[in-house]
Amino acid sequence: MSAPLSSSKKCPHCGFWSEWRQQVDDRCERCGQLLDPVRSRSEHTREKEAKEALPGVMLIEIKPEDGKMLRFFKYIIRGGQLAFAALLAFMLWLLTALAG
């Protein structure tokens, strides 16, 4: 006997109504296929994306084998990148502070 507030879902493969616990791995009672294959695929994609490493700050790379002049100009460019990021962060803070 099912619970008074149980739910069921129609299988997209065979059309049979099966008990549905609203879990990703719920399967049809008749054919055994997933009741929500689209959600299952999106869950797997989300898990795969969560395991990928996040990109670091996109600053210009300064290599030790670069010449002195090239490293000097790269440090200047990196300072400009950091100043630009700081300016954007300040502007976002200001807008949110003014918004209330």
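No value in this document is a laboratory result; all are computed from the given coordinates. Every value quoted in this text rests on a predicted model; they were computed, and no experiment measured them. Every residue, glycine as well, gets a Cβ built from its backbone with ideal geometry; the counts of neighbours run over all protein chains shown.
Within region 36-49, is even one residue surrounded by 13 or more Cβ atoms within 10 Å (Cβ to Cβ), in a strand (DSSP E or B) and not basic (K, R)?
no
Taking only pairs six or more apart or across chains, which ones have beta-carbon atoms under 8 Å, a first residue in region 35-64 that is among the hydroxyl-bearing types (S, T, Y), and a second residue that is in a loop (DSSP other than H, G, I, E, B)?
S40/V24; S40/D25
Hey, among the residues in region 4-27 that are among the polar types (S, T, N, Q) and assigned to a loop (DSSP other than H, G, I, E, B), which one's farthest from R39 (Cα to Cα)?
Going through the qualifying residues, I end up with S6.
What residue, among those in region 50-100 that are outside any loop (DSSP other than H, G, I, E, B) and of a type in the set (V, I, T), is surrounded by the most Cβ atoms within 10 Å (Cβ to Cβ)?
Across region 50-100, the extreme among qualifying residues is I77.
When residues of region 7-32 are filtered for being in contact with a Lys or Arg (Cβ under 9 Å, 6 or more places away or on another chain), of a type in the set (D, E) and more than 19 Å from E43 (Cα to Cα), how many remain?
Selection size over region 7-32: 1.
Evaluate region 48-56: report whether one residue or more is under 30 Å from C14 (Cα atoms) and of a type outside the set (A, V, I, L, M, F, W, C).
There is at least one residue in region 48-56 that is under 30 Å from C14 (Cα atoms) and of a type outside the set (A, V, I, L, M, F, W, C).
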